[in-house]
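Read the structure below first, then the notes.
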Amino acid sequence: MRACTRLKLRAEDAGDLAVISACLEDSVFAVGEMAFEPADGRFAAILVRRCREAAGGPAGRARAAIHFDGVSAVRLRGIDRAEPARLLTLAGLVAEPGRSATVVRLLFQDGAEVWIEAGRLACLFQDLEEPRLASAQRREERP
């Protein structure tokens, strides 16, 4: 059995983004951990992902970050910024290339969405820590 590994992936097209989407399916985002910096043209989020890349190995979780560069606009649907502690579970990421811009949609299980508009797709996802096995996390939490 192979243990979970620390990931770092870049997406520059819809195919690349589909790989990141598969890695991040069922990840949990807190509304307050998402930010758009218009001056920098960057949308970023911190999340906790389920580590599934260890085929046949034990599952784990890891804190990770994702960011998109060259962002000109971000729209939220079904998300209230006044609820920073609200947790959203990611269903997937979808890229929709257009003539003048690419729209990336973060789709959440409850129907909420984040629409990210950028001149081109430039995404980076990386784990911020070594993945931790779920069973080890439960043992650590016990008194």
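None of the figures in this text is laboratory data; all of them are computed from the coordinates on show. Fair warning: this is a prediction, and the values are worked out from it, not measured in the lab. Positions of Cβ are backbone-derived with ideal geometry, glycine not excepted, and every protein chain shown enters the neighbour counts.
Table for the structure above
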{"read-out": "Inter-label distance, nm, simple model (7 Å from Cα along the C-beta direction), A22/E96", "value": "2.4 nm"}
{"read-out": "Angle in degrees between helix 14-24 and the longest Cα principal axis of the chain, rounded to the nearest 10", "value": "40 degrees"}
{"read-out": "Computed label-point distance, nm, for sites E129 and R52 using a 7 Å Cα→Cβ extension", "value": "2.3 nm"}
{"read-out": "Inter-site label distance for W115 and R86 at 7 Å from Cα along Cβ, in nm", "value": "1.8 nm"}
{"read-out": "Length-normalised contact order for the range 8-138 - Cα pairs under 8 Å, 6+ apart - percent", "value": "32 percent"}
{"read-out": "Projected area, mean over directions - the range 58-133, Cα convex hull, nm²", "value": "6.2 nm²"}
